[in-house]
Amino acid sequence: MKNEYIVELRKITKRFEGVTALNNVDLELRAGEILALVGDNGAGKSTLIKILSGVYTADSGEIFFKGERVTVNTSQDSWKLGISTIFQELALADKMNIIDNIFIGHELKKRVMGIPILDKAQMYSRTNQLLERVGMQIGSLSEKVMTLSGGQRQAVAISRALNLGAKIVIMDEPTAALGVAETKKVLDFIKQLKEQGTSVILISHNLPQVFSVADEIIVLRHGRRIGKRKVEETNENEIVKLITGVL
């Protein structure tokens, strides 16, 4: 029987100098699903995704990818599985242009008289395709990233993840500090990823936004998984109660 989950984390525990950040936490993600991870500051959300993205190694627990147990000790291990994490700070090179940011470390090359040179035309075309895929239009691809709006920067970060063949995109507070119009663009990007079959793990404190895009919600509190709900079967009031523990 084919496993229904593209990724599973089982009984993940992580401690820092005697403090338990995660205590036997499970996470399940289906292909083409948007899964929201919610909880107050210190609930363990960032620690959990950093374990999945290879930034941290769990003290105990297991990670499964398409039903097979895998080892994720480094960011490279995560990338090889097709998992790309877009942290809140984005990690874009501000002084480089859009194309260079998308292809940094993975430049396309062609041979001219036996000498490898950058295939700028192919990189330009591919960048246009990626931005079109997430529904973003930017006037000039030669623009430095530092000149872009918050929503455009998110589009570049998502395009870079897709260029690396991401099957799962993890987004940490992607709409933080964005205005209303830019926030709508980013939420539209997330919906388009789902429509194209890409799975998304969304970390957000904004419950109205979570309910507008997510399929399921996992609630963490004090390093423990408190519950998992289908969006269509719950409401913001119930999720707030799970987050706070005030019933």
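Is it true that some residue in segment 96-104 is aromatic (F, W, Y), touching a residue at least 12 places away in the same chain (Cβ under 8 Å) and within 22 Å of V200 (Cα to Cα)? Full working, then the answer.
In the first step, residues of segment 96-104 are kept if they are aromatic (F, W, Y); the result is 103.
Add one more test, that the residue is touching a residue at least 12 places away in the same chain (Cβ under 8 Å), and what stays is 103.
Okay, now just the ones that are also within 22 Å of V200 (Cα to Cα), so 103.
Yes, there is a match, as at least one residue in segment 96-104 is aromatic (F, W, Y), touching a residue at least 12 places away in the same chain (Cβ under 8 Å) and within 22 Å of V200 (Cα to Cα).
Looking only at segment 234-247, filter to residues that are aliphatic (A, V, I, L, M) and not in a helix (DSSP H, G or I); which one of those is modelled with the lowest pLDDT?
L247
In segment 96-128, which residue that is surrounded by 12 or more Cβ atoms within 10 Å (Cβ to Cβ) and in a strand (DSSP E or B) is farthest from the chain's Cα centre (by Cα)?
Result: K110.
What pairs come up if the first residue lies in segment 168-195 and is of a type in the set (S, T, N, Q), the second is part of a loop (DSSP other than H, G, I, E, B), and their beta carbons are under 8 Å apart, counting only those six or more places apart or on different chains?
What qualifies is T175/S204; T175/N206; T183/T175; Q192/V134; Q192/G135.
Quick check on my filter: what residues within segment 133-176 are touching a strand residue (DSSP E or B) at 6+ places or on another chain (Cβ under 7 Å) and polar (S, T, N, Q)?
S142
In segment 129-155, which residue that is loosely packed, with under 14 Cβ neighbours inside 10 Å and either of a type in the set (V, I, T) or within 25 Å of the chain's Cα centre (by Cα) (or both) is farthest from A177 (Cα to Cα)?
My answer is Q129.
Kindly indicate whether L130 is farther than 25 Å from T13 by Cβ and free of Cβ contacts under 8 Å to residues at least 40 places away in the same chain.
yes
Can you spot a residue in segment 19-29 that is over 19 Å from the mean Cα position of the chain (by Cα) and free of Cβ contacts under 8 Å to residues at least 60 places away in the same chain?
Yes: one or more hits.
Return only the number of the condition from (1) within 20 Å of the chain's Cα centre (by Cα); (2) basic (K, R); (3) under 27 Å from A176 (Cβ atoms) that K80 does not satisfy.
Every condition holds for K80 apart from (3).
Of these, G32, G54, G42, which one is in a loop (DSSP other than H, G, I, E, B), surrounded by 18 or more Cβ atoms within 10 Å (Cβ to Cβ) and of a type in the set (G, A, S)?
G54
Being closer than 19 Å to T13 by Cβ, touching a Ser or Thr at 6+ places or on another chain (Cβ under 7 Å) and β-branched (V, I, T), is that true of even one residue in segment 70-87?
Yes, segment 70-87 has at least one match.
With out of contact with any Cys (no Cβ under 6 Å at 6 or more places or on another chain), free of Cβ contacts under 8 Å to residues at least 24 places away in the same chain and not aromatic (F, W, Y) as the only criterion, which of T198, T147 stands out?
Selected residue: T147, the only one of T198, T147 that is out of contact with any Cys (no Cβ under 6 Å at 6 or more places or on another chain), free of Cβ contacts under 8 Å to residues at least 24 places away in the same chain and not aromatic (F, W, Y).
Those residues that are of a type in the set (K, R) and either touching a helix residue (DSSP H, G or I) at 6+ places or on another chain (Cβ under 6 Å) or buried (at least 21 other Cβ atoms within 10 Å of the Cβ) (or both), I need them from segment 158-177; list them, please. Break it down into steps so the answer makes sense when it comes.
First pass over segment 158-177, keeping only residues of a type in the set (K, R): 160, 167.
Within segment 158-177, R160 is the sole residue that qualifies.
Take residues that are exposed (fewer than 15 other Cβ atoms within 10 Å of the Cβ) and either among the hydrophobic types (A, V, I, L, M, F, W, C) or modelled with pLDDT of 95 or more (or both) and tell me which of the strands (runs of 3 or more DSSP E) falling wholly in segment 178-233 contain 2 or more.
So the answer is none; nothing clears 2.
Of all residues being in contact with a Ser or Thr (Cβ under 8 Å, 6 or more places away or on another chain) and either part of a strand (DSSP E or B) or of a type in the set (S, T, N, Q) (or both) in segment 147-170, which is nearest to L202 (Cα to Cα)? Just the residue, please.
Top of the filtered list is I170.
Which of the residues that make up segment 61-95 are of a type in the set (D, E) and either crowded, with 17+ Cβ neighbours inside 10 Å or outside any loop (DSSP other than H, G, I, E, B) (or both)? If you could, list the steps in order and put the result at the bottom.
Kept after step one, since they are of a type in the set (D, E), are these residues of segment 61-95: 62, 68, 77, 89, 94.
Listed by number, the residues that qualify are E62, E68, D77.
The values are calculated or read from the model by the stated rules, or taken from the named source; none is laboratory data. This one's a predicted model, so the numbers in the text were calculated from it and none came from an experiment. Neighbour counts run over all protein chains shown; Cβ positions are idealised from the backbone, glycine included.
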